[in-house]
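A.B. asks: Before anything else, here's the structure in question.
The values are calculated or read from the model by the stated rules, or taken from the named source; none is laboratory data. All values derive from a computational prediction rather than experimental measurement. A quick note on method: Cβ atoms are made from the backbone with ideal geometry, for glycine too, and the neighbour counts reach across all protein chains shown. The protein model used for the area step is the full one, side chains on, heavy atoms only, and it has no ligands, DNA or RNA in it. Shrake-Rupley method; radii C 1.70, N 1.55, O 1.52, S 1.80 Å.
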Amino acid sequence: MDLVIRNATLPDGRQADIAIDGARIADVGARLPCSGAREIDAEGDLVTPPFVDAHFHMDATLSYGLPRVNASGTLLEGIALWGELKPQLTQDALVERAMQYCDWAVARGLLAIRTHVDVCDDRLLAVEALLDVRRRVAPYLDMQLVAFPQDGLLRSPAAFGNLKRAIAMGVDVVGGIPHFERTMAAGAESVRLLCEFAADKGLRVDMHCDESDDPMSRHIETLAAETHRLGLHGRVAGSHLTSMHSMDNYYASKLLPLIAESGVAAIANPLINITLQGRHDSYPKRRGMTRVPELLAAGVDVAFGHDCVMDPWYGLGSGDMLEVAHMGLHVAQMTGKEAMHQCFLAVTETPARILGLEGYGLAPGCHADLVLLDAGSTVEAIRLRAARRLVLRRGQVVSEAPRARASLALPGRPRDIDFRLGR
Ligand code: FE2
């Protein structure tokens with residue numbers, strides 16, 4: 001074997017060695033008899049397949065403050081601000097910022113990102129830039145692009161034509177934003193048109209859907225129904241779905257099984273939802289994240305996305321999907337032991353399934369893409385936003401980081417602190 005990782009704890013809690021031959025995992029099991037040209041002792045730490053971000057905006061990332069900061073903190077001012085920035089964008093600046101973000105992602109063990117790309121600029125500058133970035137980072141990061149009509153498919157006159165051009169240029173997924181169309185009817189019409197286009201082209205769909213506190217914003221219902229009608233089961237995701245937070249419980253009890261029946265996945269964006277939603281409330285202020293535990297209980301795949309890092313909508317973030325899982329856990333009050341573990345799956349296995357990533361996982365034959373964390377379990381990883389001791393891509397180390405440690409100078413107390421229990 002080229003590499004054997006000894007004494008790993010897997011996400012499901014099993015202790016195992018992982019043997020890697022070339023770019024693939026060859027074997028996983030307790031005390032493997034093989035030897036490796038290189039051996040790494042994980043010392044009981046967690047080894048996981050890489051983090052996956054199911055929802056991001058790579059064209060806007062790291063543009064914070066350009067040309068100004070979002071004063072109201074609302075989604076709509078963010079969209080207006082992005083509109084001010086768009087004419088000033090250059091391809092070089094877009095590529096440079098995206099490449100820098102991908103560096104951060106790799107250092108965080110984030111090796112697959114689905115990013116929306118705005119197609120409402122007739123130049124399709126951002127599409128060309130992100131196609132270039134996708135090609136450049138392909139050796140170490142999987143990027144999936146979603147053609148996103150930010151200004152509305154029907155509201156922006158050239159949007160559908162631009163979206164079709166973007167798909168022809170190599171963009172992977174069909175996006176949408178029905179809650180931003182002029183009327184509910186136009187929103188539903190946009191969902192129908194986009195799903196029919198995706199079905200015709202054999203593409204996946206991922207729509208920004210019902211990103212508001214309006215309980216009557218019910219485009220997810222149309223998205224599920226169109227998915228069912230067109231046989232798109234397993235290929236469609238609804239992103240945000242924040243209006244579900246504010247919906248009447250009876251209606252939600254009808255909607256949840258409809259989503260499950262259609263095989264539509266849900267992508268919540270906890271950092272952004274808790275920040276952008278509830279802005280029109282006084283007190284109490286709504287959390288504004290979709291109904292994650294209830295969706296999971298209904299059998300729906302739910303992933304947590306990062307959505308934004310230092311852009312017109314959000315001024316923080318660093319590509320750390322454990323920070324995303326940490327916020328999701330808190331906002332959804334998923335504090336049970338199994339629920340906390342599900343929050344880890346929401347930034348690893350579940351988004352990998354939603355993106356349809358080939359060769360993802362810890363089974364023999366999967367890509368040797370792995371992250372060794374400074375934590376003993378998935379829950380501890382979330383609690384500590386654990387350091388990524390090693391990040392492997394196709395069997396090669398692409399990033400290393402030291403354990404998180406502090407040295408105390410207190411009489412009678414231990415010197416070394418690692419924030420871990422039971423060691
Ligand atoms: Fe988004």
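A.B. asks: Can you tell me how many residues in the stretch 168-192 are open to solvent by 40 Å² or more (accessible area, probe 1.4 Å) and in contact with a Phe, Trp or Tyr (Cβ under 7 Å, 6 or more places away or on another chain)?
C.D. replies: Adding up the residues that qualify gives 0.
A.B. asks: Something else: For a quick check of your reading: which strands (runs of 3 or more DSSP E) sit entirely within the stretch 289-398 and have at least 1 residues that are within 16 Å of the ligand (Cβ to nearest atom) and within 30 Å of Arg420 (Cα to Cα)? Write out each step before concluding.
C.D. replies: Values: elements: 302-304, 370-373, 388-393.
Counting at least 1 such residues, we get 302-304.
A.B. asks: Is it the case that the stretch 293-313 has a residue that's modelled with pLDDT of 95 or more, surrounded by 24 or more Cβ atoms within 10 Å (Cβ to Cβ), within 22 Å of Arg383 (Cα to Cα) and in contact with a Pro (Cβ under 7 Å, 6 or more places away or on another chain)?
C.D. replies: The answer is yes; a qualifying residue exists.
A.B. asks: Sticking with this structure for a sec: So is Arg114 over 21 Å from Thr290 (Cβ atoms) and either part of a loop (DSSP other than H, G, I, E, B) or assigned by TED's automatic domain parsing to the domain that holds Asp307 (or both) or not?
C.D. replies: Here the answer is no, as Arg114 does not meet what is asked.
A.B. asks: Would you point out which residue out of Ser243, Ser217 is within 20 Å of the chain's Cα centre (by Cα), within 16 Å of the ligand (Cβ to nearest atom) and surrounded by fewer than 24 Cβ atoms within 10 Å (Cβ to Cβ)?
C.D. replies: Going through Ser243, Ser217 in turn, just one is within 20 Å of the chain's Cα centre (by Cα), within 16 Å of the ligand (Cβ to nearest atom) and surrounded by fewer than 24 Cβ atoms within 10 Å (Cβ to Cβ): Ser243.
A.B. asks: Go through the stretch 30-80 and count every residue that is within 15 Å of the ligand (Cβ to nearest atom), small (Gly, Ala, Ser) and either open to solvent by 60 Å² or more (accessible area, probe 1.4 Å) or touching a strand residue (DSSP E or B) at 6+ places or on another chain (Cβ under 7 Å) (or both).
C.D. replies: Final tally of qualifying residues: 3.
A.B. asks: Quick one: Tyr251 ticks every box in (1) within 16 Å of the ligand (Cβ to nearest atom); (2) part of a helix (DSSP H, G or I) except a single one, so which number is it?
C.D. replies: Unmet condition: (1).
A.B. asks: Would you please name the residue that is farthest from Ala54 (Cα to Cα), looking only at residues in the stretch 247-264 that are over 23 Å from the mean Cα position of the chain (by Cα) and open to solvent by less than 40 Å² (accessible area, probe 1.4 Å)?
C.D. replies: Here the answer is Tyr251.
A.B. asks: Here's a follow-up. So which of Ile267, Ile274 is within 15 Å of the ligand (Cβ to nearest atom), closer than 30 Å to Leu85 by Cα, open to solvent by 40 Å² or more (accessible area, probe 1.4 Å) and of a type in the set (Val, Ile, Thr)?
C.D. replies: That would be Ile274, the only listed residue that is within 15 Å of the ligand (Cβ to nearest atom), closer than 30 Å to Leu85 by Cα, open to solvent by 40 Å² or more (accessible area, probe 1.4 Å) and of a type in the set (Val, Ile, Thr).
A.B. asks: Next question, about the same structure. Residue under question is Lys164, and the condition is that it be of a type in the set (D, E, K, R), more than 17 Å from Cys120 (Cα to Cα), surrounded by fewer than 17 Cβ atoms within 10 Å (Cβ to Cβ) and without any contact (Cβ under 8 Å) to a residue 40 or more places away in the chain; does it hold?
C.D. replies: no
A.B. asks: Report, by residue number, each residue of the stretch 373-423 that is open to solvent by less than 60 Å² (accessible area, probe 1.4 Å) and at positive phi.
C.D. replies: Result: Gly395, single match.
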